[in-house]
Amino acid sequence: MKKVVVFSQIDQDVLLKLQQDYQVVVLNPKMGDINEQIRTEVADADAMIGAGRLLNETNLATAQKLKIISTVSVGYDNYDINYLNQRKIWLANTPHVLTETTADLAFSLLLSAARKIPQLDAWIKQGQWKRTVSTKQFGMDVFGKTLGIIGLGHIGAAIARRGFHGFNMNILYHNRREKIEVAEAYNAQYCDLDRLLQQSDFIVVAVDLNQESKALIGSAQFDLMQKHAVFVNISRGSVVDESALIDALQQNKIFAAGLDVYAKEPLQESPLFQLPNVVTAPHIGSATLETRKKMVHLAYQNLIDALEDRQPRYLVNPKFE
């Protein structure tokens with residue numbers, strides 16, 4: 001019987017389906033060092049499924065017949081692709097099913113930061129609402145403003161659709177290449193990064209993490225933004241120089257920020273927590289019951305395809321390049 005290692009919590013229905021057909025081992029951080037568990041269990045495993053673990057030569061070197069790692073995520077920066085290619089181990093992910101949910105979150109962060117929703121929620125609960133609000137509590141309008149999107153992939157396009165149709169926004173975008181059909185649908189203008197930063201009232205980062213995008217936004221980029229700009233990051237924390245972002249917020253170089261991702265996660269201590277002009281979320285881009293269920297079912301199908309000698313539909317490294 002083929003062996004599957006489950007390296008994070010997954011949907012119970014999917015777990016039961018796996019257990020019907022395969023030998024399934026579920027790793028448990030409460031049972032000791034998780035990497036030691038991986039090294040032990042992966043030695044004779046055929047497949048792995050889960051999310052949120054660093055998987056590389058350190059904990060995969062013992063694998064003798066591992067065919068696929070099926071990640072319940074779109075991003076795959078936790079996985080050493082070069083090493084997986086070297087070992088001829090497939091990596092499959094779950095794109096597209098979380099597009100709309102993540103775009104919803106992007107706009108939630110944008111609106112919350114623009115209108116100071118978390119700040120005012122705390123303010124009113126502290127008993128501060130004793131008279132008509134003053135300019136200190138004022139936010140900024142969203143409707144009719146300019147939205148700059150860095151990365152016009154599936155999620156970026158869904159954000160553009162919300163901005164254009166829902167809020168009558170002027171859309172600017174920066175991407176590795178022009179997306180003419182998508183841009184035409186939302187009257188979006190392609191521009192270089194500097195122009196986007198200078199002209200946008202709202203800036204949303206929705207790029208993949210790669211060598212080109214790492215530390216893409218730093219001090220020089222924040223200096224280009226308008227003082228009333230709202231900056232939103234839903235991509236990966238490493239795309240932004242976090243110390244430069246903190247400085248921009250502390251010095252009021254920008255109006256506010258909405259963040260779902262960070263350089264280090266889980267984030268437990270940070271100057272960001274002391275700033276009134278930042279909205280923080282704990283990496284919840286895809287965190288709805290409906291979307292997570294779709295993701296794990298897609299990850300399950302990727303895994304089953306590999307175990308039954310079919311090429312999974314969504315492979316990160318189909319040719320082991």
Query raised in the report: Hey, among the residues in segment 57-84 that are of a type in the set (S, T, N, Q) and surrounded by fewer than 16 Cβ atoms within 10 Å (Cβ to Cβ), which one's nearest to I203 (Cα to Cα)?
Result: N78
Report summary line: Going through segment 105-133 in order, the residues found to be open to solvent by less than 50 Å² (accessible area, probe 1.4 Å) and assigned to a loop (DSSP other than H, G, I, E, B) are K116, G127
Report summary line: Pairs returned, first residue in segment 239-258 that is closer than 12 Å to P276 by Cα and assigned to a loop (DSSP other than H, G, I, E, B), second residue that is open to solvent by 10 Å² or more (accessible area, probe 1.4 Å) and not charged (D, E, K, R), beta-carbon separation under 7 angstrom, 6 or more apart or interchain, are F255/M140; F255/H228; F255/N277
**Report entry** First in segment 88-109 and farther than 21 Å from H165 by Cα, second anywhere and part of a helix (DSSP H, G or I) and among the small types (G, A, S), Cβ under 6 Å, 6 or more apart
**Finding:** W90/A306; T94/A299
Report summary line: Exception for D208 within (1) without any contact (Cβ under 8 Å) to a residue 40 or more places away in the chain; (2) over 20 Å from F164 (Cβ atoms) falls at (1)
**Report entry** segment 59-107: number of residues that are hydroxyl-bearing (S, T, Y), out of contact with any strand residue (DSSP E or B) (no Cβ under 8 Å at 6 or more places or on another chain) and under 19 Å from E265 (Cβ atoms)
**Finding:** 3
Requested in this report: Output the qualifying pairs, or none if there are none: Cβ atoms under 8 angstrom, residues six or more apart or on different chains, first residue in segment 165-189 and more than 15 Å from V142 (Cβ to Cβ), second residue modelled with pLDDT under 95 and open to solvent by 60 Å² or more (accessible area, probe 1.4 Å).
Outcome: R176/E212
Report summary line: Pairs returned, first residue in segment 1-26 that is over 18 Å from L298 (Cβ atoms), second residue that is open to solvent by 10 Å² or more (accessible area, probe 1.4 Å) and among the aromatic types (F, W, Y), beta-carbon separation under 9 angstrom, 6 or more apart or interchain, are M1/Y22; K2/Y22; K3/Y22
Report summary line: Over segment 187-223, the set of residues open to solvent by less than 80 Å² (accessible area, probe 1.4 Å) and touching an Asp or Glu at 6+ places or on another chain (Cβ under 6 Å) is L209, A215, G218
Requested in this report: Take segment 271-296 and flag every residue that is polar (S, T, N, Q) and open to solvent by 20 Å² or more (accessible area, probe 1.4 Å).
Outcome: Q274, N277, T280, T288
Report task. Only residues that are part of a strand (DSSP E or B) and surrounded by 19 or more Cβ atoms within 10 Å (Cβ to Cβ): list them for segment 140-169, please. Result -> L147, G148, I149, I150
Query raised in the report: Which of the residues that make up segment 68-85 are touching a residue at least 12 places away in the same chain (Cβ under 8 Å) and over 13 Å from the mean Cα position of the chain (by Cα)?
Result: I68, I69, S70, T71, Y79, D80, I81, Y83, L84, N85
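The values are calculated or read from the model by the stated rules, or taken from the named source; none is laboratory data. What you are looking at is a predicted structure, and each value in this text was computed from that prediction instead of being measured. Note that we place each Cβ from the backbone using ideal geometry, even for glycine, and neighbour counts take in every protein chain shown. Keep in mind that these areas ignore ligands, DNA and RNA; they rest on the heavy atoms of the full protein, side chains included. Shrake-Rupley method; radii C 1.70, N 1.55, O 1.52, S 1.80 Å.
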